[in-house]
1. Over the Cα atoms, compute the radius of gyration (one decimal) and Dmax (the largest Cα-Cα distance, rounded to a whole number) for segment 133-186, in Å.
2. Compute the relative contact order of segment 123-180 as a whole-number percentage, counting only Cα pairs closer than 8 Å that sit 6 or more residues apart in sequence.
3. If I ignore ligands, DNA and RNA and count only protein heavy atoms, how much of Ser221 is accessible to a 1.4 Å probe, in Å² to the nearest 10?
4. Which of rounded, prolate or oblate describes segment 190-276 when judged by the alpha-carbon gyration tensor and an a/c cut-off of 1.5?
5. Answer rounded, prolate or oblate for segment 1-145, using the Cα gyration tensor with square roots of eigenvalues a ≥ b ≥ c: rounded when a/c is under 1.5, else prolate when a/b is larger than b/c, else oblate.
6. How high is the relative contact order of segment 95-149, in percent, counting Cα pairs under 8 Å that sit 6 or more residues apart?
7. State, in angstrom, two size descriptors of segment 82-172 derived from its alpha carbons: Rg to one decimal place and Dmax to the nearest whole number.
8. Protein chains only, probe 1.4 Å: how do Cys280, Cys85 rank by accessible area, largest first?
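The values are calculated or read from the model by the stated rules, or taken from the named source; none is laboratory data. Nothing here was measured: the structure is a model prediction, and the numbers come from that model. We work out accessible area using only protein heavy atoms, side chains counted, and drop any ligands, DNA or RNA first. Shrake-Rupley method; radii C 1.70, N 1.55, O 1.52, S 1.80 Å.
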Amino acid sequence: MVTLTYRDAVGKALEDSMREEPRLILIGQNIAAHALKDLADRYGVERVRDTSISESAMVGMAVGAAMKGMKVVVMIAYADIASVCHMAIVQSAAKLHYLSNGRLSCPVIIRLPIARFRGHGPEGNEVGASWFYNVPDLNIAMPGSAGEAYWNFREGLERATPTLFFEDRSIHGRTGEVADNNPGGNAQITRSGDRLTIIAAGRAAALAEDAADQIAKLGYSGAVEVVSLGFIKPLDKETVLRSTGKTGRALIVQDEPAWSGYAPFVRCLLDELPAGKLRCAPRILAGADQFLPFWDERPFLPSLESVLAAARELMQ
């Protein structure tokens, strides 16, 4: 077990995968001479390939390479640029395994950084996971810690269907332990408690952990349990139901608006709990249903203060 920053965990996952998997190639814009120059120098430009500025073509190249037995990481500049290559992701990458009756696999990771709190406004900091949530055979990873960042990445390359890897740059500097063993895409209990379960992914999971720590400092140690989802699709239903059934209260936190993303899915999932298991109705704390402005995104997204306020109210 090692301690790394979130950013370094992603870099280590990329480097370890390149070293251990000779069939893996990386494709992206200006990566061989700039962003991933060290990897290009070490493994050659045949495996670290620069492309033209066409995200649809990049995904198409990845699918073609996968059909020939390769594994591919596609480096997209920002998460919301996934809208540009939506058709290639859905019609080509996601459907390849099914349309070939399982004869062809598509072990492709599409890396989608969320440029949160950098003044990009509505172009560069949207999450966009909900745009793909109803697409079968499409994995969606949204790691909230260094350990999840490393193992979600490694896990995605082992799957027969493609993975969207939503990497939140706002928590790049957050440190955490990276376990020696792959949890296999399962959700993680990152804080243990018995009065409230907070379910979240990505930046929201980091907020949930900070809120649980703050509540413990106020004298309520062991009150809040945090379920960090890691993979939001497919989602680890068993861990969510087991934790919420134990605490009897649920707060679901996400950056996307409340009517999309994993939050409403989790809210519906909780209906599977036996009658009487929940002490009160689950609550969703989500981002505003609007584009995020250039000047300041924070008033329109969940914050530590809003998570704390919702948690206190539910526990009362």
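1. Radius of gyration, then largest Cα-Cα span, for segment 133-186: 11.6, 33 Å.
2. Relative contact order for segment 123-180 comes out at 39 percent.
3. Ser221 has an accessible surface of roughly 100 Å² with all protein chains in place.
4. oblate
5. Taking the square roots of the gyration eigenvalues as a ≥ b ≥ c, segment 1-145 is rounded.
6. Relative contact order for segment 95-149 comes out at 21 percent.
7. That works out to 13.8, 45 Å for Rg and Dmax.
8. Correct descending sequence by accessible area is Cys280, Cys85.
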